[in-house]
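Below: the structure, in structure tokens.
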């Protein structure tokens, strides 16, 4: 079996199933944990509590003004990376094609030139973030295998994807196999490290907002 | 004919003209002829037309009828020939730029001349015998 | 078996074709083989001097499509004459004799050209159960291959079946089908894959062999570089549409009618090495993509087992919703178990203890 056939066949199936099982495991494992019982009565109705949760998901996308000077660099670079990645994944023709093949849904793509620019910015931001992590003494102290491995497993698909779309350095078949395999490794790792923030960031903000609304605090 | 257009026409035409000039120099120095296989290059139809236009027309057009028709046109540059070969159905099967005093295929081959000579002699002998009889 | 003494040049002259015809043929072949154009006179001179080349063709586990493609290719007169000259001494489907008479022809051909004949194979070689799944005159293909390969100058594996196992090798491969290269080692082998292969490729290889006495340059899969050095994608006339992001979304939609790229409809052009996009089929008439269907990758090994022909290269095998559901259920169960175990270990959260 060629590497490409393996990547598009058994590896893809295995990675998908592991990622699904892992994400459900992690979410169930967190949501079913014991929580501190709230003895006070709820200040607001369930609807207000839920909308509080939703509001918090949105309001916490931007740091509070008084924190801004300290966190501006990291947050900006991080947003460049995340938005760039969003553009590549959801506005790039080949990825829309993947979603279409899975779900049947399709939507218009952005021109290739836009994706090229987005890829360059994403890669630059990703590298800049690693440099920052290595140079900042506090971050370096706090960083562990999870941080560096997660970085690497995001770096590889982006890099192989750029080479593949440029059809350069190696043959198309080889580049495609490497790109798909790198995505599969990312998929397998995703539920078990900090990359699970793809789901948890929204869940976390939502729960905090819900609890704040319950207490009548601002959200 | 393949249809590529990811390279600008003028860049390719310039490169080809430079190569032809190089082949001409080699011929003038050493007497060695050279050719460029046009079908082996990623040239669009418009690029070929541009090249043809740049090379222009010379004094000679020769037509060869052997396993289909082939045409040899000297360009406005003496010694630079545009050769185009078609098979019996008229399909172009080869197209070359040849740099030579004359494309080799136009010269009569020794082997063919030998056979023709033999045939010619036989024709004369037969006639001689006929006259006697 | 009579061995003709006349050279190819003499035979052509007898038929009224002078040196110019042969030189023209050589010019065309040189271009097709991607050789420098200056090689044409050398090829013509070598062809003129060439003696008859014996070819023995053995058909194994095949559909006969490879032979048909060569027969149906309408070659110009001089090409046909030259290929008559390359003497097809033994070919079961074409020859008049059959049974023991045919076997005798085969023995005589081998005896008359020891170490000099080209062995052409089409069809895969079944290996399971002693090769009993394909027999000729009661004799297994693998046994015939081993015997006749030993006296051959070189072996041409014609078609994807002979080269890599092809369709018979598709999962679950009940006959244990294999390609020639999996059975024979120590002999020069040329793979000419394709289902069927482009006829001009075989012509090119034979002409090269007769002209230069050796096989053309091969890639790491033993395919002639001149024809298999690039992918369909690299030579495809629809490539500008791929580059511009113009894809047909379904067969016969507006994009398909405009002749847009067929990548999203499963075209395997980017990963398939062959000459279809440049040489095309039926004397340059068309090829699958030009006729509106994506490339199925038929000249690559195991092309039949790469998933659907209509799933693009950007996708792959789906797990199916059922399996996904099972995975989710397992995840839920595991996560719940982990959470419950955590819950039972801790009592009241520490902050509450005052």
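No value in this document is a laboratory result; all are computed from the given coordinates. Since the model is a prediction, treat every value here as computed from it, not as a measurement. Don't worry about glycine lacking a Cβ; one is built from the backbone with ideal geometry, like all the others, and counts go over all protein chains shown.
See the values below:
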| quantity | calculated |
| --- | --- |
| Where N is the number of residues in the stretch B:24-75, Cα Rg divided by 2.2 N^0.38 Å | 1.37 |
| Isotropically averaged projected area of the stretch A:64-149, using the convex hull of Cα atoms (one quarter of hull area), nm² | 7.7 nm² |
| Candidates A:124, A:41, A:203: whichever shows maximal mean-square fluctuation once chain A is modelled as a Gaussian network with Cα springs under 10 Å | A:41 |
| Principal-axis tilt of helix B:9-30 within chain B, Cα atoms, nearest 10 degrees | 50 degrees |
| Residues A:172, C:208 arranged by fewest to most Cβ contacts within 10 Å | A:172, C:208 |
| 26 Å tail of the calculated P(r), chain A, as % of Cα pairs | 49 percent |
| Per-selection metrics, the stretch B:38-129 (Cα): Rg and Dmax in Å | 17.8, 62 |
| Cα gyration tensor shape of chain C, rounded if a/c is under 1.5, else prolate or oblate by comparing a/b with b/c | prolate |
| Gyration tensor (alpha-carbon) shape descriptor, the stretch C:1-66, a/c threshold 1.5 | oblate |
| Acute angle (nearest 10 degrees) that the helix C:19-32 long axis makes with the longest principal axis of chain C, alpha-carbon atoms | 10 degrees |
| Cα gyration tensor shape for the stretch C:8-126, rounded if a/c is under 1.5, else prolate or oblate | prolate |
| When the convex hull of its Cα atoms is projected in every direction, mean area for the stretch C:163-227 (nm²) | 5.0 nm² |
| Size descriptor, Kirkwood hydrodynamic radius, that averages inverse alpha-carbon separations across the stretch C:232-305, Å | 12.4 Å |
| Spread of Cα-to-Cα distances over 5 Å intervals beginning at zero, given as percent, for the stretch C:52-228 | 2, 8, 18, 22, 23, 16, 8, 3, 0, 0 |
| Compactness of the stretch C:200-246 - radius of gyration and Dmax, Cα, Å | 14.8, 47 |
| Cα-based helix-to-principal-axis angle, B:45-55 vs chain B, degrees rounded to 10 | 70 degrees |
| Translational D in µm²/s for the stretch A:83-200 (Stokes-Einstein at 25 °C, 0.890 mPa s, Kirkwood Rh from C-alpha pairs) | 158 µm²/s |
| Average beta-carbon neighbours from other chains, 10 Å sphere, peptide C:29-40 | 4 |
| Value of [θ]222 nm, deg cm²/dmol, for the protein assembly as shown, DSSP H segments ≥ 4, -39500 (n - 2.57) each, nearest 500 | -16000 deg cm²/dmol |
| Burial ordering of C:321, C:304, A:189, fewest other beta-carbon atoms within 10 Å first | C:321, C:304, A:189 |
| Shape box of the stretch C:127-167 [Cα atoms, principal axes, largest first, Å] | 27, 26, 15 |
| Shielding by partners - mean other protein chain Cβ count within 10 Å, residues of A:1-13 | 4 |
| Rel. contact order, % - alpha carbon contacts under 8 angstrom, at least six apart, chain A | 40 percent |
| Stokes-Einstein D for the protein assembly as shown, Kirkwood Rh over Cα pairs, 10 °C, 1.306 mPa s (µm²/s) | 51 µm²/s |
| Distance (nanometres) between label positions extended 7 Å along Cα→Cβ at residue C:146 and residue C:10 | 4.1 nm |
